[in-house]
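Below is one structure, written out as structure tokens, with a few remarks after it.
The values are calculated or read from the model by the stated rules, or taken from the named source; none is laboratory data. Here the structure is a predicted model, which is why all the values come from computation and not from measurement. Note: ideal-geometry Cβ built from the backbone for every residue, glycine included; neighbour counts use all protein chains shown.
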């Protein structure tokens, strides 16, 4: 006997006897009643898996019954059945979160299909997703052995994210584990690709858009014709963007989405300063020594982004009315949202929103955040929850009403680090967990991309004998002193600065107001 229990509510239920017999032969258990009031009493006393509800009944109407059902059990699926095709009835029913909507007369197969859609959907989707990924697995494995350009790596990374999002909710966890192993292998191969090709990107024509070329190659043409809101969400990965993309589509339609590559180190002071200056870190140090700070210098490292941007706009010959805002707290976000109408006459409004960066760093400090963001799925969910409840969404809605174009991007991504790699350096060595710069660095060569001459990848030297090392895969650097405590504290935290698909390949999205 099936475990599926159906409540069918219709004032002409006797006419539906053939449908009920059809379902009972399929091993569904069907309880019937002739009014909304009777249905509500049944639902209070008995647990049902789904309700078929006639819209047009004497006494309490179907829509009124639906609202009462949702107050008793908001998760109970309700299929509305009606003779009427009036649009307002459909709108009200759909607005009340019905599972399906059928127009009389219905046939038994329609009922069966509705049941499968409402109750077996997750199982059917899970089975189909698993089958599709099993087919795709071989293609991804083949692509991994052949990928040899930055375009192919960007495409492969987006494909891996696509399957990660498809597989994360299916019942068969083994498929997700297989995908995780493919991601690990992909990052291993990507590290070798970056090691071989990264330095040539600064001098050759066959280079991706990078942090220091982002404004000139992608942003400039977008802001020349329409007032634009440029939002740089610090530390935003591609999968996190996809987590809240649907929220934006209520107000904006996507015009363009392209991945670009963060420079190394994939750290805020390097990558974000490069975006706003349009310069590599080496050129920033040469041209603007008063604004650029190296790792070992005192003071904040991103205090002059607005000045860097002003200098770049002047260099590009762009005579714009623009404003820059950095949001690092809820209070600052609310203040900007309250006063956002003052931005309506700007050609360009820039907002740097630091929430995701604060979240990733807070994860290493707060046990509650560690619990909330214990893996990538939870990290995406937390990002979505933040965005839906943040002042940034209010700002985006106001920008839409003002007819502003919207650009959403970031400076770099982040990766959940799992394995330590021992490193030794002197007191002047930088503190970041995914990259180090300093003299006399000792490290495991297989674990890192090393730049013994930082100028070769357009990074400044702290001193003549300084070098850089960047962690590959999901590694993080740990000192031998107090090693076990250090490893326990930072393992399974989100860090950035190194070489990985998650950190380097990041989103650039252009949206137009609806």
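Annotations
- Where residue 488 falls short, out of the listed (1) in a helix (DSSP H, G or I); (2) in contact (Cβ under 8 Å) with a residue 12 or more places away in the chain; (3) loosely packed, with under 14 Cβ neighbours inside 10 Å: (2)
- Any chance residue 307 is over 24 Å from residue 439 (Cβ atoms), at pLDDT 95 or above and either out of contact with any helix residue (DSSP H, G or I) (no Cβ under 7 Å at 6 or more places or on another chain) or outside any helix (DSSP H, G or I) (or both): yes
- Condition met for residue 237 (surrounded by fewer than 18 Cβ atoms within 10 Å (Cβ to Cβ) and touching a residue at least 12 places away in the same chain (Cβ under 8 Å)): no
- Positions within the range 145-159 being under 19 Å from residue 180 (Cα atoms), surrounded by fewer than 17 Cβ atoms within 10 Å (Cβ to Cβ) and over 21 Å from the mean Cα position of the chain (by Cα), in sequence order: 145
Condition check ((1) over 15 Å from residue 115 (Cα atoms); (2) touching a helix residue (DSSP H, G or I) at 6+ places or on another chain (Cβ under 7 Å); (3) surrounded by 14 or more Cβ atoms within 10 Å (Cβ to Cβ)) across all residues:
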{"site": "3", "(1), (2), (3)": "no, no, no"}
{"site": "10", "(1), (2), (3)": "yes, yes, yes"}
{"site": "20", "(1), (2), (3)": "no, no, yes"}
{"site": "25", "(1), (2), (3)": "no, no, no"}
{"site": "32", "(1), (2), (3)": "yes, yes, yes"}
{"site": "38", "(1), (2), (3)": "yes, no, yes"}
{"site": "56", "(1), (2), (3)": "yes, yes, yes"}
{"site": "59", "(1), (2), (3)": "yes, yes, no"}
{"site": "68", "(1), (2), (3)": "yes, yes, yes"}
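- Here residue 295 meets the list (1) in a loop (DSSP other than H, G, I, E, B); (2) without any contact (Cβ under 8 Å) to a residue 40 or more places away in the chain almost entirely, failing just condition (2).
- Top-ranked residue of the range 214-234 - restricted to ones that are part of a helix (DSSP H, G or I) and without any contact (Cβ under 8 Å) to a residue 12 or more places away in the chain, ranked as nearest to residue 416 (Cα to Cα): 217
Per-residue answers, yes or no, for (1) in contact with a helix residue (DSSP H, G or I) (Cβ under 6 Å, 6 or more places away or on another chain); (2) without any contact (Cβ under 8 Å) to a residue 24 or more places away in the chain; (3) assigned by TED's automatic domain parsing to the domain that holds residue 283:
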position	(1), (2), (3)
432	no, no, no
458	yes, no, no
461	yes, yes, no
482	no, yes, no
